[in-house]
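*Asks:* Before anything else, here's the structure in question.
The values are calculated or read from the model by the stated rules, or taken from the named source; none is laboratory data. None of the values given here were measured: they were computed from a predicted structure. When we count neighbours, we look across all protein chains shown, and the Cβ atoms used for this are built from the backbone with ideal geometry, even at glycine.
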Amino acid sequence: MSTSRRLLTARRPPATEGMTVGLLFAVAVGGCLLSYWVAPGPPPLWPAVLLCALACAALPWRRGHPLPVLALATLSMVAVSALGHLVTALVMAPLMAAQYSLSLRGHRRTAWTWALAATAVMVVSGLFHRGFQHEWVISLVNPAAWVLLSAALGSYVRVRREYAAARTEHAAREREEEARHRVVQERMRIARELHDVVAHHLALANAQAGTAAHLARADPEQAYEILGRLSETTAAALRELKSTVGLLRQDTDADDGLAPAPGLGQLPDLVAACAAAGLEVTVAVDGRPRSLPPGLDLTAYRIVQEALTNVTKHAATRTARVRVAYAPQFLTLTVTDEGAAVRPADRPGPGHGFGLLGMRERALATGGTFRAGPRPEGGFEVACTLPLDSHDESTSP
């Protein structure tokens, strides 16, 4: 069901609906009392009150069955007029509410057809009004004007709601297009990185192979040593190639034997690697951990990985803290270090450095937020919030 349809078929709570119907009944009864007091030869009061009650009793069904409710309200008002009451806007409150509901939720042509039919019936009944036969403005124009005004108001509100719903849907589509555009940009950036990585390793491997072939007879030991480093070079190239290709793969691609992309489940391995490099990392998890979509899981891991790499390269400290907070709709990642306070020019700020730029692009591509900068108490902090409700959570437990 579209957004506009949901807006037009939304139902009120029973308490609100009961208060609305009760208020309309009180207004209609007030109109009957006013007519009873001012009309020449007081018309019957209680039959008119019962007719108003009958019209109001059908109003709770005006959303699902607007045509029968409008027909019943119109016949009730015609009967009230036949009793000799002055049909004012107060007495016509149930009829106006039924007409407004039909114009708001029914088809435009049907709504205006029934509005004109109800107007004609009220005008014809006013022609035979005993007390106000010579007051044509009161008995003819007044009922017709209020019915048509209700129809016009319902049509206007309907158009405004449809316009607002269309704008909301358009904005949602634009956000989706922008997110896809950012993902494509990120994939292109990673593809360029892949080209640089592979070209570097292959050029190095080619040079090592050529040197080993040249020294194979003159210095076999040195040739074997170069060949040993050659295997390390090709192994590193293969690892980076698999990692980058795994990131570029679509979720719907068939499994062709590549290693799965890393995620937050590999944080212990990342912490161990940082420890081997001399950086002590403490990980704190808030909330109940949950299974994340592959793309979001990879994005979160890469942001933490790059943030810890920046700590290793730039921070004047050997400790860092990682906080992973799970909320119903968001995943918050925070990486902080306790290095001495430094000037913004001494460390990369939010707009400087490819590491921070890559983290920002990854976070924004998922529709999240990203913030990085020095802390007032010293050190540096990287924080991002990734939305969970905008991703497919079919893999969640």
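*Asks:* Looking only at the stretch 10-35, count how many residues are closer than 11 Å to Val80 by Cβ and at pLDDT below 80.
*Replies:* Residues that pass the stated criteria total 1.
*Asks:* Residue check, Thr395 against (1) in contact with a Ser or Thr (Cβ under 8 Å, 6 or more places away or on another chain); (2) modelled with pLDDT of 50 or more, all met but one. Which one?
*Replies:* Condition (2) is where Thr395 drops out.
*Asks:* If I ask for residues that are within 36 Å of the chain's Cα centre (by Cα), in a helix (DSSP H, G or I) and within 14 Å of Ser150 (Cβ to Cβ), which ones from the stretch 59-95 would you list?
*Replies:* Going through the stretch 59-95, the residues within 36 Å of the chain's Cα centre (by Cα) turn out to be 59-67.
Applying the additional criterion that residues be in a helix (DSSP H, G or I) yields 59-61, 66-67.
Answer for the stretch 59-95, where residues must be within 36 Å of the chain's Cα centre (by Cα), in a helix (DSSP H, G or I) and within 14 Å of Ser150 (Cβ to Cβ): Leu59, Pro66.
*Asks:* OK, next. I need the full set of residues from the stretch 288-321 which are touching a strand residue (DSSP E or B) at 6+ places or on another chain (Cβ under 7 Å) and either assigned to a helix (DSSP H, G or I) or acidic (Asp, Glu) (or both), in order please.
*Replies:* Leu296, Thr299, Ala300, Ile303, Val304, Ala307, Leu308, Val311, listed by residue number.
*Asks:* A follow-up question, please. Restricting attention to the stretch 21-47, which residues are free of Cβ contacts under 8 Å to residues at least 12 places away in the same chain, surrounded by 12 or more Cβ atoms within 10 Å (Cβ to Cβ) and over 15 Å from Met92 (Cα atoms)?
*Replies:* The answer is Pro42, and nothing else.
*Asks:* If only one of Ala237, Ala284 is at pLDDT 75 or above and either assigned to a strand (DSSP E or B) or over 27 Å from Arg180 (Cα atoms) (or both), which one is it? Steps first, please.
*Replies:* Details: Ala237 fails: at pLDDT 75 or above.
After ruling out the rest, the residue left standing is Ala284.
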